[in-house]
Amino acid sequence: MSRTDFLSNAREGWGENPPSWIVALADQCSRSNATEVAKRLDYSVAVITSVLLGNYRGSLAKVEAKVRGAFLGEVVDCPALGEIERDRCETEQGRKFFGTSANRARIFRACRGGCPHSRLKGGSDG
């Protein structure tokens, strides 16, 4: 059984010099496997594969942020939580509002209230 050459796949999709976050994603897939990487990033293996091959049609910026936080150690200053990993920031933005937790409500409002790291528009989408 041959192992997938994730870096070759990335070069096929992105050219000889793929972005550093794509290389990090490929390296992590080679170190463990695409299934574990997909779980860590909260994506499917199909998404990870299509990102590496350069044909993902979803938000590459969101995938990039998750990779940078999970595998490159990038952090942001969250107005509600302080310094957190970039991938956690992305995850928090996607969570629904729960009025039963003051902390969850504070995070929800911060993500929609002008946080410079948020990809969300204002308002309530939960």
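Readers should treat all values here as calculations from the given coordinates under stated rules, not as data from a laboratory. If you're wondering where the values come from, they're calculated on a predicted model, not measured in any experiment. Here the Cβ positions follow ideal geometry from the backbone for every residue, glycine too, while neighbour counts run over all protein chains shown.
Data overview
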quantity	calculated
Diffusion constant of the range 61-114 at 20 °C, which comes from Stokes-Einstein with the Kirkwood Cα-pair radius and 1.002 mPa s, µm²/s	189
In the range 1-105, trypsin sites (Lys or Arg not before Pro) in a DSSP loop with at most 12 other beta-carbon atoms within 10 Å	3, 57, 95, 96
Label of the coordinate-derived value, Rg/Rh (Cα atoms, Kirkwood Rh), listed as [x] 1.04; [y] 1.00; [z] 0.92	[x]
From the C-alpha gyration tensor of the range 22-88, square roots of 5λ in Å	22, 13, 10
Range in the chain, longest, excluding exposed chymotrypsin sites (Phe, Trp or Tyr not before Pro) [loop by DSSP; at most 16 other beta-carbon atoms within 10 Å]	1-96
Computed magnitude of the charge dipole of the chain (debye, nearest 20; Cβ of K, R +1, Cβ of D, E -1)	560
